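Novice: Sending over a structure as structure tokens; questions will come in a sec.
FYI, it's all coordinate maths here, none of it is from the lab. Just so it is clear, the structure is predicted and the values come from calculations on it, not from any experiment. Neighbour counts run over all protein chains shown; Cβ positions are idealised from the backbone, glycine included.
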Amino acid sequence: MNQYDQKKLLEYINAVSFALIDTTLYLDTHPRDQEAIRNFKQYQNARKKALKEYAQYFEPLTIDSAEITDTFTWTTTSWPWMKEGC
């Protein structure tokens, strides 16, 4: 993957995260809406998959997408918004 793909994937993560948050807010007032629950699950799965893919090719964006081996590297890389071009 190149830098363009990284930016595109990050934009997708932002969009699906927004949809997930928006659906969560809706479900706060409509907790039995089955279509909204299905949408929530769809957005949640899409976000998890995209975060995993981003972590695989670039670096983890969230602590739960970090792969910890023998060294804790969560804080040793730059955040995406600190890099040029992102």
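Novice: What does the highest-first list of 18-26, 43-51 look like by mean Cβ count within 10 Å? Could you put the intermediate results ahead of the total?
Specialist: Values: 18-26: 14.2, 43-51: 16.6.
So the peptides 18-26, 43-51, ranked by packing, come out 43-51, 18-26.
Novice: Here's another thing I want to ask about it. Work out how much length TYR26 to ASN45 would gain on full extension: take 0.36 nm times their residue separation and subtract the Cα-Cα distance, in nm to one decimal.
Specialist: This chain segment gains 5.0 nm when fully extended.
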